[in-house]
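Nothing in this text is a laboratory measurement; each read-out follows from the coordinates by a stated rule. On a predicted model such as this, the values are computed, not experimentally measured, just so you know. Cβ atoms come from the backbone with ideal geometry, glycine included; neighbour counts cover every protein chain shown.
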């Protein structure tokens, strides 16, 4: 988009129409690694158009064409999933690779994953600060062990990264998860997609084991993105009257963010799965439920907090500790932004209380995005509550949902650039 700020308003506060969502970024990035490891046996359909997926495609292509006697520099920009998945994948290739990203990416920890790979025999060193990118990876992992233990309360992307390469390791992998597993649906997604490509596993108690195996010919179809769908739930919840059809979404999904279906019943949004997709409709004011646990679906937290604050509804959230190491510290960012119209967040241990008794009606409010696509998409729907909303650095949505602003315009939002 190339502009610094957009202003949004909605004259009728009513929404009705059809929105065709892009493919899931989470599924797409897993599918691309599986396709690369299968050496062409696995085809992928309905890939996401998100910038993160394009970055992953480019990085895999770069890695396949190493330069003689010279490390290949792979810059994944702000793409966190690409950083985690490539940290494992590149160890299976010939050559040397310098894996780097944006300044913020170089502040996001990677040490737990690197240590796990080093235990397996990987040759990885830090080019700057211990525990953080950039990474120097010397390929052809010389596997020494096949059993590693990893904490379950860290980013599930670390675990998925290891599982994706497990079948390609000479000894396979037995991955022991210590403690409670955060974002379990994302680990299940990885295993289910591997199974589609012929890679089987066992999961006994807290140990996931994948033996050395070869991929089978398969086609992986990427479902539309449930994370993107969550913003349309917010729009319907904040509308005076709202009804949106989202084609292609099904009642049974690999994506953990399908949890938005249940969460938004408490904010008055009903879901109806039909032959052509999902119809979401505003039906009432919702329930009086107070506590919401985002342990299995942390990417939904910003959307729900923004909606609750705008509706002047006090709620409490937990299971969100991983939000502190995302594109920004999302908990701190949420607190700063909702305070602009009188709400706030009060921490009590690992539970966070959203307080709305101070919310007031503003004519215009400007929200910052902190280089975080989800901040932009979570706060834009508030133009249905306030007369006018401005979003700074709106191009951040290209990371996961590049057509977001176009789709808002198609549903009656006035956008001034």
Can you give me the relative contact order of the stretch 171-299 as a percent, contacts being Cα pairs under 8 Å and 6 or more apart?
24 percent
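When only Cα pairs under 8 Å and 6 or more residues apart are kept, what is the percent relative contact order across the stretch 354-417? Working shown, then result.
On the way: 63 pairs, mean separation 19.9, N = 64.
RCO, the stretch 354-417: 31 percent.
Arrange the peptides 235-245, 27-37, 266-276 so that the one whose residues have, on average, the most other Cβ atoms within 10 Å appears first. Can you show the working numbers first?
Values: 235-245: 21.3, 27-37: 24.8, 266-276: 15.6.
Highest-to-lowest ranking by the protection proxy: 27-37, 235-245, 266-276.
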Treating the Cα atoms of the stretch 280-400 as identical point scatterers in vacuum, please give the log10 of the normalised Debye intensity I(q)/I(0) at q = 0.14, 0.15, 0.19, 0.21 Å⁻¹, two decimals.
-0.56, -0.65, -1.07, -1.30
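Listed highest first by mean packing, meaning other Cβ atoms within 10 Å per residue, what order do 198-206, 365-373 come in? Walk me through the numbers before you get to the answer.
Numbers: 198-206: 14.0, 365-373: 20.1.
In descending order of packing, they fall as 365-373, 198-206.
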Percent of beta bridges antiparallel (DSSP, the chain, rounded to nearest 5):
65 percent
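For a quick protection proxy, order the peptides 152-159, 73-80 by their average other-Cβ count within 10 Å, most packed first. Walk me through the intermediate numbers first.
Values: 152-159: 21.6, 73-80: 20.0.
Output ranking for 152-159, 73-80: 152-159, 73-80.
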Compute the distance from the alpha-carbon center of the stretch 271-343 to that of the stretch 41-58, in whole Å.
28 Å
Label selected from (i) 61, 46, 40; (ii) 61, 43, 40; (iii) 58, 52, 51, the criterion being Cα extents along the principal axes in Å as computed here:
(i)
Taking N as the number of residues in the stretch 155-234, the ratio of its alpha carbon radius of gyration to 2.2 N^0.38 Å works out to 1.23
Per q in 0.22 Å⁻¹, report the Debye log10 I(q)/I(0) for the stretch 214-295, using one uniform scatterer on each alpha carbon and no solvent.
-1.04
Provide Rg and Dmax in Å for the stretch 25-221, with only Cα atoms included in the calculation.
15.4, 45
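As an exercise, take the mean of 1/r over every pair of distinct alpha carbons in the stretch 1-130, invert it, and state the Kirkwood radius in angstroms.
Numbers: mean 1/r = 0.0586 Å⁻¹.
After inverting the pairwise mean of 1/r, the radius is 17.1 Å.
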Binning at 10 Å from 0, report for the stretch 291-344 what percent of all alpha-carbon pair distances ends up in each bin.
24, 60, 16
DSSP beta bridge pairing in the stretch 25-221, given as percent antiparallel to the nearest 5
55 percent
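Sequence gap at least 6, Cα distance under 8 Å: using those rules, report the relative contact order of the chain to the nearest whole percent. Write out the running numbers ahead of the final one.
Values: 926 pairs, mean separation 83.6, N = 417.
Reported as a whole number, the value is 20 percent.
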Quick calc: nm separation of the 7 Å Cα→Cβ label points for residue 416 and residue 387 -> 1.1 nm
